Structure formats: structure tokens, C-alpha cells
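The values are calculated or read from the model by the stated rules, or taken from the named source; none is laboratory data. Computed from a predicted model, the values in this text were never measured in an experiment. All Cβ positions, even for glycine, are placed from backbone atoms using ideal geometry, and neighbour counts span all protein chains on display.
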């Protein structure tokens, strides 16, 4: 806060005459007209002018004196408080660095008691931990002994031919004790041993026994292997369990929907063994789509023009021959003719395609070219052609 008394160089008890005289003297000295270009003189002139107008007015002067007294008192008080605070800080710092400990007899007595107490507590804790570990080790040994006995029971069941009971028992134990490695090892060992048994019986054509082993393996394999399902299907088919074989093959098809051979086998069993021509046709149609997609990827959309039919696998010819038979059974003669055209295109030296095409044309009423197909089929060695020629080629 600016001190106007100091600025006008007058005492604080100066009267109005002294104030006016000081103002005239200083204003004349610092007047801008007498000090052109002097910024400091101009600023002082403004302050002198403000000081005069404040001190020359009794009301403004009284207010200014009150504010000036309050400011100076606050400044003095703050300085005093700050010095006292700094002194207290210094005293605290000095006390903190003074040595308070004396290494006398009492001091060493207290330190010795503290160390002795520490040793007692540490010894107690060590003994407690050692005791807990001892009993825990005993418990572990007992659990290991009991679990070994349980594993022996599982092995005894398996050896006696009760494979399913053995797997059921060890599976239950694995759920009860998920962290016991002995049960996991026993489970895997049983699976490996049962696979060896199933493979041995399969190789020796004991398909019934092999199938029983494979069913147990399927039940407990997680997930079931493709080879397990494939061998189950083979055993079921050769044991004339055609419906079961179809279900197993459909499981395989769900795992490998792109497998053309699976699609063909499912359709063929439906056609030949279960006499379900409608379902057979569904799978043969799926196989036909897979055939076209495969050759289109290899040769392009016009693959039948570009490809060499001899390069195509025999399974494609077998598919169209079987599809033609299914369409003949279902009286889809036009579709059957199309299938025979594909079969003849892929394998022109096989007689069955020509014979089936002749039968399809007979069903569709296309007698004009029927006899030429029968003639080619006869040359290629097809059976039963004479009767068909007598019937359609008079």
C-alpha cells in the first residue's frame, strides 16, 4: 500500500497548509511539461496528484489513515509471528539431534531382555511350524497309501474284464480328488491299454470283442478320436448293425463335414443295406455338390471341358452310379439320366453307366437312343443285356 505522507515528504500530523505547499512544490518539480519524455516523472506526478486529492479531503484522509494504520499493524504482527515460528522450528530440530541414549547398565539389561524374548518367540514359532509340517507329512503319506490302494482296485477291475466299472471308478475318484496325479495317470494308462486290446482284436477280425472295447473307449475318451469312431463304424457294418453304423458315420460326418468318402458311405449304406433310397439320395446329392466344388476350384467353372476324366478318382464315378440307382428307385428318371451321363463321362469304359442310362431312358420314355446304350453296355460286358434288348429293341 502506497504511503502518501512519505511521497509528499510531510509528517503524518501535517495540516492542510503543509499538504498544499508540499503538493505545489513537488507537482512543479515533476510536472510533465517541465520533464518532457520522462516516464518516471510523469508517473510520480500522477501519484503526487492522487496523494494530494486524498489528503486534502478530510473524509478521504481519515479513511486513508485508518487503512494505513491497519496495514502496518498487520505487517508488524505477521513478521513477529514468522520469527516466533522459525524459532520453534529451530528448537525442534536441535532437540531431534540431541543424543538421548546413554549406554549404561540399564540400557544393556533392556536390550538383553528384548533379545531373549525374541529368541523365545522365534523358537516357539519354529517348533510350531515344524510340528505342523510333521503332521501334514504324515497325512500326505496316509493319503498316498490310500490312493495307491484305490488305484490297485481300479487295475484289478480292469484286469478281470470289467473295463467299464474300472473307468467309472477312476472317473469318480478324479472328480473327488482333482489334484491327485495318480488317478489321472491310471485313467490314461487304462485308455492306452484298452486301445491296444481293441486294436489286437480288430486286427485278428474279432470284431465283436473289438467293438465292445471301442464302445468303452468312446465313452471315456475326451474328446473321442476320429479313429475310434471310424473303427466302431467298420465293426458295426461288418456285424450287420447297419443302423448303428449309420449313426456312427453321421457322428464322423459332423466332425469332418468336408469328407467326401464319409458322405458316399452313408449314402451307400442307406441305399444297399437299409433300403432308404430317399436319405441315400440326400447324401449322394451332397456328394455331387462337393464333387463340383472340388473340380471347380481345380479347373474352373467349365471343368468338364478342361479336365481329363481319367484323372478323376474312381469314387466320383461310384457316386454317380449310386445316385443314378437311387433316382431310379424313386422314379426320378431325368435326374438318373443326368447321373448316368456323368458316370459315362468319367469312366466311358465301364458298362454299368450305359446299362443304367438305358433303364433310366426307358423309365422316361426316351426309347430312341436306348438301344445304342444297351449295345455299348453289351460290348463292355454288362450282364442281363439280352433280356433288355428283347424287351426294348425289337
Evaluate the following for residue 215: is it modelled with pLDDT under 95, in contact with a helix residue (DSSP H, G or I) (Cβ under 9 Å, 6 or more places away or on another chain) and under 27 Å from residue 190 (Cβ atoms)? yes
Of the criteria (1) farther than 14 Å from residue 230 by Cβ; (2) at pLDDT below 95, which one residue 270 fails: (2)
Quickly run through region 373-384 and pick out the residues that are more than 11 Å from residue 356 (Cα to Cα) and part of a helix (DSSP H, G or I). 375, 376, 378, 379
Could you check how many residues of region 1-23 are surrounded by 14 or more Cβ atoms within 10 Å (Cβ to Cβ) and under 16 Å from residue 62 (Cβ atoms)? 4
Regarding region 223-244, can at least one residue be identified that is surrounded by 14 or more Cβ atoms within 10 Å (Cβ to Cβ) and over 30 Å from residue 159 (Cβ atoms)? yes
Could you tell me which residue of region 21-43 is farthest from the chain's Cα centre (by Cα), considering only residues that are at pLDDT 80 or above and in a helix (DSSP H, G or I)? 21
Only one of 210, 205, 296 is surrounded by fewer than 18 Cβ atoms within 10 Å (Cβ to Cβ) and under 41 Å from the mean Cα position of the chain (by Cα), namely 296
Index of the failed condition, residue 169 passing every other in (1) more than 19 Å from residue 235 (Cβ to Cβ); (2) in contact with a helix residue (DSSP H, G or I) (Cβ under 8 Å, 6 or more places away or on another chain); (3) surrounded by fewer than 18 Cβ atoms within 10 Å (Cβ to Cβ): (3)
Any chance you could count how many residues in region 158-174 are part of a helix (DSSP H, G or I) and within 15 Å of residue 213 (Cβ to Cβ)? 7
Would you tally the residues in region 34-67 being surrounded by 14 or more Cβ atoms within 10 Å (Cβ to Cβ) and over 14 Å from residue 14 (Cβ atoms)? 8
